[in-house]
1. Taking region 525-554 on its own, how many of its residues are at pLDDT 90 or above, in a loop (DSSP other than H, G, I, E, B) and open to solvent by less than 20 Å² (accessible area, probe 1.4 Å)?
2. Here are L403, L417: which of them is modelled with pLDDT of 90 or more, assigned to a helix (DSSP H, G or I), over 17 Å from A259 (Cα atoms) and under 37 Å from the mean Cα position of the chain (by Cα)?
3. Taking F185 as the residue in question, decide whether it is touching a His at 6+ places or on another chain (Cβ under 8 Å) and within 26 Å of Q301 (Cα to Cα).
4. Given the structure, is S353 modelled with pLDDT of 85 or more, of a type in the set (S, T, Y), buried (at least 16 other Cβ atoms within 10 Å of the Cβ) and assigned to a helix (DSSP H, G or I)?
5. Please go through (1) without any contact (Cβ under 8 Å) to a residue 60 or more places away in the chain; (2) under 26 Å from M516 (Cα atoms) for M763 and return the number of the only condition it doesn't satisfy.
6. Taking region 609-629 as the search range and keeping residues that are open to solvent by 80 Å² or more (accessible area, probe 1.4 Å) and either among the aliphatic types (A, V, I, L, M) or part of a helix (DSSP H, G or I) (or both), which one is farthest from S707 (Cα to Cα)?
7. Could you check region 678-699 and list, in sequence order, the residues that are surrounded by fewer than 21 Cβ atoms within 10 Å (Cβ to Cβ) and modelled with pLDDT under 90?
8. For region 585-609, which residues satisfy the criterion of being more than 23 Å from L694 (Cβ to Cβ) and in contact (Cβ under 8 Å) with a residue 12 or more places away in the chain?
Amino acid sequence: MKWVPNIFRRMQYDDLSEEIRLHIEERAEQLMGEGMSAEEARRKARVAFGNRNAVEERSREVWRWPTLESIWADVRFALRGLRKSPGFTITAVLTLTLAIGANAVVFGVWNALILRPLNVPQAESLFVIQHGSDGGSHSYPDYLDLRQRNRSFDDLAVFAIRESGLDTGKDPSNVWQYETSGNYFDVLRIQPYIGRLFHASDEHGPNSAPYVVLSYAYWHNHFQDDRTVVGRVVRLNRHPFTILGVAPPGFQGTILFFAPDIFLPIVNHEQLAGEKMLNARGNHWMFEMVGHLKPGVTPAQATADLNSVDGYLKKSYPKEEDNASYTLARPGLHGDYLGGAARAFLIGLMLLSGLILLAACANLGSLFAARAADRSREVALRLALGSSRNRILRQLFTESVVLSLAGGVAGLVVSILLLRWLSVWRPVPQFPLHVPVSPDANVYLAALVLALVSGVLFGIVPVRQILRANPYEIVKAGSTGAFGRRITVRDVLLVVQIAICAVLVTSSMVAVRGLMRSMHSNFGFEPRNAMLVDIDLTAAGYTGERIPTMQRRLIDAIQAIPGADSVGSVNWPPLELPGGWQGMVYTDTTTDLSPSHAAADPYMYNVTPDYFRASGTSLLAGRAFTWHDDTNAPRVAVVNREFASKILGSVPDAVGRYFKLRDGTRVRVVGLVEDGKYKNLTEDQQPAMFFPLLQSPASWTWLVVRSNRDPQEIAVAMRSVLRDIDPGMVLEIRPWSTELGGILFPSRMATVSLGVLGMMGAMLSITGIFGMAAYSVSKRLKEFGIRVALGAQREEVLQAALGRAFKLLAIGSGAGLVLGLLATRVLAFIVYQATPRDPLVLAGVILAMAALGLLATWIPAQRALSVNPLVLLRED
């Protein structure tokens, strides 16, 4: 009976030969209709459909390097195939748009803040000189010595940031300024847009250079590009200053995210701020020092040179110089102080956005595998007709690349819109902060690379199916789309996708919990029902003894407003950007008051008697200040618990003890208050001390007003009262909770970023589970009909239809939860004290993944339960 299989093989061969002949004739007619000669058309048709005499020629065509014509033919074929499956095409393009768009946005921010050089000439040789762990803080005498004695830099420039009142003849307003050394523009090699810039030659001692240079943006927005402003006299803190010129467009100093309104010489600081700081060697108040390295000098050599000068200064001024050393960093993000945190944050975001792209590729790989299974009969027929597997794979890859490029273009468009919006966004309205992240060629190239890599990644998934396809078995058995018990590539991809989603959901929930902890942490004060009034008395023309007198008058006036429960004053509120003041202190027994013997460097605040009550700071022991704690009374202070523990050595017995200031003054502790947060939310517990304002006068004035009245009403009442006292006084009134927006900005940004990535992961997970479940149900409808006809219950049908999907969901969620627990270090880049081990986070992730599974399987479940066996069997 050996001849029986031969008969069947012969019958199959005859059927295929007849089909080939019909296809060849049809293709030949098509080609002749396009203008090709009959002989050439038949030859081309035979080559295309595998005529025996043309096998060798066809083989050569397949393996030949593809021509532009063949590539274009593959593209047209891919477009026709995608047009026939609009649901698949739309899903794939939207998935890639989300994934590539997210990665392009994160890369765009990384490119703008880290990769792109600062917008100054020869930025590659420009460095920031850091002093100590805070990345900046230089004294003016130290700057002069470093500038004169170093041998590594062409020149050094320095600047400080502060706010002043500017009167241009209209309503006075506050402006943010760079107070710079006279050589600032020369060091950075900046040329004016109009007019001229100031130089070192314009400085002739304190208050000798009353000149202002406007930033281009301020000139454009407030002077409407009026070129006649050059030479005009304006009043800055009620002192006359002459406008010399306008800085070039795009130049906003050496801090990328801070855009000053004006530039002016630092030698005028005493006149503007009422503080004699230019000769205070021990007072590190200047923000940043920058300079260009000389040709041939390495950063390591320059660092050694600077520390050599620093060694000389320590020996020459032992009582003023501390133990900090000098390091170099790149400009743009305030050196390593903010640059390190920004890099860590962006690295974490890039890793998580990369997971989004990986999840999208897994999703599309699964869809491509299912699509290849559904087209198995078509593939088998083409193989049987003589097409090579390489040709089929090339067309599949063309289809995947076409999809990826479409998604890449759409994602790039979305990312460009988002990046441009970020570039004009003002996250903290009271500060001139912005993120200059306009896209450039690097972002476009990154999006193209991501699109091509994505296309290859998900396009490679069905390769194994194609290479192992047996056309005879497929034609005989029909579609290979049936689901069995064995683990398939689609199952693995779905588990990977769900695991990635679980990691992203875990990250977003960790961020939410971190923000909640930030919002409800113990600040050491109570911002609710409290208003802040920012008044620059120096800008209003008050100096010397007139400042404390006016401060007392302002407090008394606001205290008389109905609903103002308590009013206090502080020179700089805790957690107010860019931070407060610190001062070295010593134990009472210390005799050598050099910086190396300091007990600590606590935060320092000058307050009025009712400040603690107005701010909601708990007094734990002792007393608060009174108006009798003035210059005629002994020096006193109120300290926090950390100060008492670290400097005084005892918390319960802190009241009544003494400590020393840097000038040797003994200070008696009269009160103990709770610990708090003073510079940022992520700091460890820090010591803090509070002095009576009358014993430590300060020109900075922030009034703290506690009231249960509506914030808008009390603000209007306070503004009216203060205007009656001095109409020319520049003031800003805001709720304290609103003022905290700047310090809470990093936590909120982390929460929003991770929340968006978590939602994108959830969407991809839903589409992945839905696709798998819907495909399984569609392929097994007949089986479900038979089950129902044989009396299967609804639970049994659901188990058969969706049991596999829920098993994969459980496996993927468990794996993702474990990965989330292991990813604490990555999450710590983004969220302070990130802890996925939080019970609420764990419960939230489990509930979220279960909800996603139910949402994704709802429609397939309804379809499985609505099976009508009579209809299905009748159709069969």
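The values are calculated or read from the model by the stated rules, or taken from the named source; none is laboratory data. The model shown is predicted, which means the values in this text are computed figures rather than measured ones. Note that we place each Cβ from the backbone using ideal geometry, even for glycine, and neighbour counts take in every protein chain shown. In case anyone asks, the SASA skips ligands and DNA or RNA and just uses the protein heavy atoms, side chains included. Shrake-Rupley method; radii C 1.70, N 1.55, O 1.52, S 1.80 Å.
1. 2
2. Numbers: L403 fails: modelled with pLDDT of 90 or more.
The match here is L417.
3. Numbers: touching a His at 6+ places or on another chain (Cβ under 8 Å): yes; within 26 Å of Q301 (Cα to Cα): yes.
So F185 fits the description; yes.
4. Numbers: modelled with pLDDT of 85 or more: yes; of a type in the set (S, T, Y): yes; buried (at least 16 other Cβ atoms within 10 Å of the Cβ): yes; assigned to a helix (DSSP H, G or I): yes.
In short, yes.
5. (1)
6. The first filter runs over region 609-629 and keeps only residues open to solvent by 80 Å² or more (accessible area, probe 1.4 Å), leaving 613, 620, 623, 628.
Imposing the further condition that a residue be either among the aliphatic types (A, V, I, L, M) or part of a helix (DSSP H, G or I) (or both) reduces the set to 613, 620.
Details: R613: 11, L620: 23 Å.
Among residues in region 609-629 that are open to solvent by 80 Å² or more (accessible area, probe 1.4 Å) and either among the aliphatic types (A, V, I, L, M) or part of a helix (DSSP H, G or I) (or both), the one farthest from S707 (Cα to Cα) is L620.
7. The answer is K679, N680, L681, T682, E683, D684, Q685, S696, P697, S699.
8. First, pick out the residues of region 585-609 that are more than 23 Å from L694 (Cβ to Cβ): 586-601.
Of everything in region 585-609, those that are more than 23 Å from L694 (Cβ to Cβ) and in contact (Cβ under 8 Å) with a residue 12 or more places away in the chain turn out to be Y586, T587, D588, T590, L593, S594, P595, S596, A598, A599, A600, D601.
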